[in-house]
Amino acid sequence: MIKDLEITCLPHEHQDDAALKKIASATLNIALSRLFALKIVKRSIDARGRKVIYRLQIKAFIDEQPAADVFTTNYPNVSKARSVIIIGAGPAGLFAALQCIQLGLKPIVLERGKDVKQRRRDLAAINKQGVINPESNYCFGEGGAGTYSDGKLYTRSTKRGDVNEVLKTFVAHGASPDILVDARPHIGTNKLPQIITAIADTIRNAGGEIHFDTKVTSLIINFNKIQGVKTAGGNEIKANAVILATGHSARDVFEMLHNQGVLIEPKAFALGVRIEHPQQIIDQAQYHCENRGEFLPPSYYNLVEQVDGRGVFSFCMCPGGIIAPCATDYNEIVVNGWSPSKRNNPFANSGTVVQINLEDVAGKPDDPFRMLNFQHQIEQAAFKAGGGNLVAPAQRMVDFFEGRLSADLPVNSYLPGTKSVELKQVLPRWVNERLRKALPEFGRKMRGYYTNEAILVGVESRTSSPVKVPRDKETLQHPQITGLFPCGEGAGYAGGIISAAIDGINCASAAFYVL
Ligand SMILES: Cc1cc2nc3c(=O)[nH]c(=O)nc-3n(C[C@H](O)[C@H](O)[C@H](O)COP(=O)(O)OP(=O)(O)OC[C@H]3O[C@@H](n4cnc5c(N)ncnc54)[C@H](O)[C@@H]3O)c2cc1C
């Protein structure tokens, strides 16, 4: 017999099977000896009361053993099947490729960047020497922006597809099964590269192709039908379906589309800074204690405030994390964040940004590059203010609010280095003011948040794509070009790893119908 139940336990008990069985048998009012096994279905931390507890949804196996969980990577061989070209090997592109295989189509994935191993050297050059490779960086290469990300796997787009199937695919390729039960699943930058490599192996073993160092430079379009692509190496690759999953940082792709007369549109995004605190301050506020101890994970926060009619909010919060230099070209600064699987770094960071609407930015309303150019200008201003070598402009939190240059900066996790700068020199006044006003309000919501121990590092500008590539709601094809499927974050249809993966799956399913 299997019974579903919800139990609560103390942090030190949540991974102690014997302790959990005792609680479950008492809750079910049955003898402990009849409780053969427990399977956790959902796990979350409840820190609302004075005592922090775990809430567990559980399946209790009474007088019977559970069947073992099996996560398979069995895919059919598609080496001789009809081809689909997928541009970009980020989560959208890779999950599109897996779905193509499931549907009996052969994916040909073209990726401008390098495989994860070679990419690592370019990341070391970024962090140690402040040198950027425009083709291989935190955004470009095998696994896309998802590979060296935090690997937080929660999404609000649960209606667009089966989140659990995406999580199971990650588990089948080496992720911990914990991601299937945790309320806030997370993989970690140290574990993602192996998982991405395993997914790429699955694609190749099934007869799909993945080509690195292969930048697509134009689309082959004939009478409004896609026929293939041309690459920087001068090759032509033919197919009647092309999934465009190039991410939000491939500015040359937007130019390519525009130059080829393919409709693109300006898109709103959010702009601000990364804010970093000592992790202990966040733990103290959220867990109401001096030290969180060994049984609770580093805590997180989620803050939002309306300021002068516009949302100011934290996002992509990385407990125990690192602020990463995520520029994709010379002379620009872009920051983002990640954390290792154990989240054992002493800092907590989050993007803290102001929503920017189309009407906020001057320019011709129909100029598709209006928002992109604005984004780029801010990133270049940040680079100039930092003084080069990816040194980022930064300011202490209270100094920022009080309009004072910081006399010094706290030790922080941003490896290329930070320089004390008044961030109002970099951010537009209307962004700066809203951010400024939001910080003490956040401090009122979360004890300890508003402190000069926190540092603001500029700029968090790649929050989502500044350009939209339109598509038909039903067919997912570009309204002008049959067979072209704008996909993932770059086209404006995803905002994270899971939503990008789901969009990749949906685009591959839609491509099946045009072939
Ligand atoms: C540091 C960091 C941390 C993040 N943390 C998280 C997190 O914890 N959780 C989360 O959900 N999201 C996170 N994100 C965001 C997440 O990584 C993206 O939302 C996601 O990767 C988008 O997927 P995508 O496949 O649409 O695009 P991308 O991942 O951007 O992939 C696009 C790919 O296309 C390739 N490409 C571009 N142009 C061309 C071309 N012309 N020819 C061939 N290939 C091309 C690029 O090289 C790239 O590999 C993070 C991002 C960063 C940078």
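Each value in this text was obtained by applying a stated rule to the coordinates, not by laboratory testing. These numbers come from a predicted model, not from an experiment. Here the Cβ is made from the backbone with ideal geometry for all residues, glycine too, and neighbour counts use every protein chain on show.
Couple of notes before you dig in:
- Across region 370-381, computed HN-Hα scalar couplings (Karplus, 6.51 cos²θ - 1.76 cosθ + 1.60, θ = phi - 60°) run 4, 6, 5, 5, 4, 4, 5, 4, 5, 5, 5, 5 Hz from first to last residue, x flagging Gly and Pro.
- Across the alpha-carbon set of region 304-381, the Rg to Rh ratio works out to 1.06, Rh being the Kirkwood radius.
- Averaging the sequence gap over all C-alpha pairs within less than 8 Å and six or more residues apart, then dividing by the number of residues, gives the chain a relative contact order of 18 percent.
- The chain, dipole about Cα centre (Lys/Arg Cβ +1, Asp/Glu Cβ -1), debye to the nearest 20: 340 debye
- Euclidean distance between Cα centres, region 131-167 to region 365-384, Å: 24 Å
- Peptides 244-251, 446-453, 380-387, 350-357 ranked from most to least packed, by the mean per-residue count of other Cβ atoms within 10 Å: 244-251, 350-357, 380-387, 446-453.
- Equivalent ellipsoid semi-axes - Cα gyration tensor, region 359-427, angstrom: 28, 15, 8
- Only helical runs count toward this figure. For the chain, summing -39,500 (n - 2.57) over DSSP H runs of n ≥ 4 and dividing by all residues gives -8500 deg cm²/dmol at 222 nm.
- Size descriptor, Kirkwood hydrodynamic radius, that averages inverse alpha-carbon separations across the chain, Å: 24.1 Å
- Computed over region 403-515, the ratio Rg/Rh where both radii use C-alpha atoms and Rh is Kirkwood: 1.18
- Pairs from the list K152/K230; K22/K51; K21/K51; K42/K267 with a Cα-Cα gap above 28 Å: K152/K230; K42/K267.
- Translational diffusion of region 203-298 was estimated from the Stokes-Einstein equation, with Rh taken as the Kirkwood radius over Cα pairs; at 37 °C and 0.692 mPa s the coefficient is 180 µm²/s.
- Within region 133-220, the proportion of C-alpha pairs whose separation exceeds 18 Å stands at 53%.
- Bins of 5 Å, starting at 0 and running to the largest distance - Cα pair percent for region 112-156: 5, 25, 29, 21, 9, 6, 3, 0
- Peptide packing for 262-274, 454-466, 400-412, 307-319 was compared via the average number of neighbouring C-beta atoms within 10 Å per residue; ordered from the highest value, the list is 454-466, 262-274, 307-319, 400-412.
- For region 435-481, the Cα gyration tensor yields ellipsoid semi-axes of 42, 13, 8 Å (square root of five times each eigenvalue, largest first, whole Å).
- Over region 89-148, relative contact order from alpha-carbon pairs under 8 Å, at least 6 apart, %: 42 percent
- Its residue count N sets the reference 2.2 N^0.38 Å, and the alpha-carbon radius of gyration of region 1-157 equals 1.55 times that reference.
- Extension gain for the segment Q306 to D360, taken as residue separation times 0.36 nm less the Cα-Cα distance, is 17.8 nm to one decimal.
- Whole-number percent relative contact order across region 128-198, with pairs defined as alpha carbons under 8 Å at least 6 apart: 38 percent
- Computed over region 124-283, the Cα gyration tensor eigenvalues convert (square root of 5λ each) into semi-axes of 31, 22, 18 Å, ordered from largest to smallest.
- Alpha-carbon spread of region 294-438, three principal axes, descending order, Å: 55, 34, 31
- Solvent-free Debye scattering, log10 I(q)/I(0), computed from the Cα coordinates of region 237-378 at q = 0.10, 0.12 Å⁻¹: -0.50, -0.67
- Listed as lacking a disulfide-compatible partner in the chain: C9, C100, C139, C289, C316, C318, C326, by the criterion of no other cysteine Cβ under 4.7 Å.
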